[in-house]
Amino acid sequence: MNESASSDTTPCLAWDLLYTEREMIWGCEADTVSMLTKFIVHRCLRVPVMMTNLYPFLMGQAALQHERIPAFPQVDDPANYVLAAHCGYLGILPANSLSSGSCAESARDCGRERHRHRRRLSVGELTLVKLGPTFDTLSVVEAELTGYAGFLVPTA
């Protein structure tokens with residue numbers, strides 16, 4: 001689903017419907033490794049799953065340019081943090097895993113006003129899982145979501 005040229009929303013709304021109501025796995029930019037990871041975790045553990053990009057703070061400017069955000073949030077020890085961001089926000093969060101949020105809001109994306117989810121996971125412990133590119137390793141990392149920076153770009 002590439003809605004860039006033909007829609008005023010991101011695919012989040014459609015993906016949320018497909019996942020929440022039909023348990024269909026979805027992914028961005030044909031990321032089949034992430035989709036396979038999500039499928040394995042969802043089918044084995046029966047827990048809500050999502051995908052997002054993870055940028056170590058030490059990665060620097062490349063991450064900021066890709067996500068179109070001004071800076072990494074201020075933290076005490078940048079070497080121990082990653083920024084979770086996708087299209088300038090946390091990620092495509094399924095409704096069944098949320099602590100709060102609204103259906104959609106306007107934001108500027110790819111030079112146009114778009115409507116997308118503004119949803120939040122609960123701050124606290126979470127687990128990051130990723131299947132390796134050769135499919136012989138499954139990395140599982142305990143993590144903590146410490147807060148939100150809120151880098152949505154205003155519409156005008």
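The values are calculated or read from the model by the stated rules, or taken from the named source; none is laboratory data. Computed from a prediction, not measured in an experiment: that's the story for all the values here. In this analysis, Cβ positions are derived from the backbone assuming ideal geometry, glycine residues included, and neighbour counts consider all displayed protein chains. The accessibility values were calculated without ligands, DNA or RNA, using every heavy atom of the protein model including side chains. Shrake-Rupley method; radii C 1.70, N 1.55, O 1.52, S 1.80 Å.
For segment 29-85, the set of residues classified as hydroxyl-bearing (Ser, Thr, Tyr), over 14 Å from residue 127 (Cβ atoms) and open to solvent by 30 Å² or more (accessible area, probe 1.4 Å) consists of 32, 81, listed by residue number. Only residues that are at pLDDT 90 or above and not in a loop (DSSP other than H, G, I, E, B) were counted in segment 135-156, giving 7. Among the residues of segment 105-117, some residue qualifies, meaning at least one is under 13 Å from the mean Cα position of the chain (by Cα) and either closer than 27 Å to residue 17 by Cβ or modelled with pLDDT of 80 or more (or both). Which condition breaks for residue 131 when tested against (1) modelled with pLDDT of 90 or more; (2) surrounded by fewer than 17 Cβ atoms within 10 Å (Cβ to Cβ)? Answer for residue 131: the failing condition is (2).
Of the residues 63, 79, which single one is modelled with pLDDT under 85, more than 13 Å from the chain's Cα centre (by Cα) and assigned to a helix (DSSP H, G or I)?
Working: 79 fails: modelled with pLDDT under 85.
Result: 63 is the single residue among 63, 79 that is modelled with pLDDT under 85, more than 13 Å from the chain's Cα centre (by Cα) and assigned to a helix (DSSP H, G or I).
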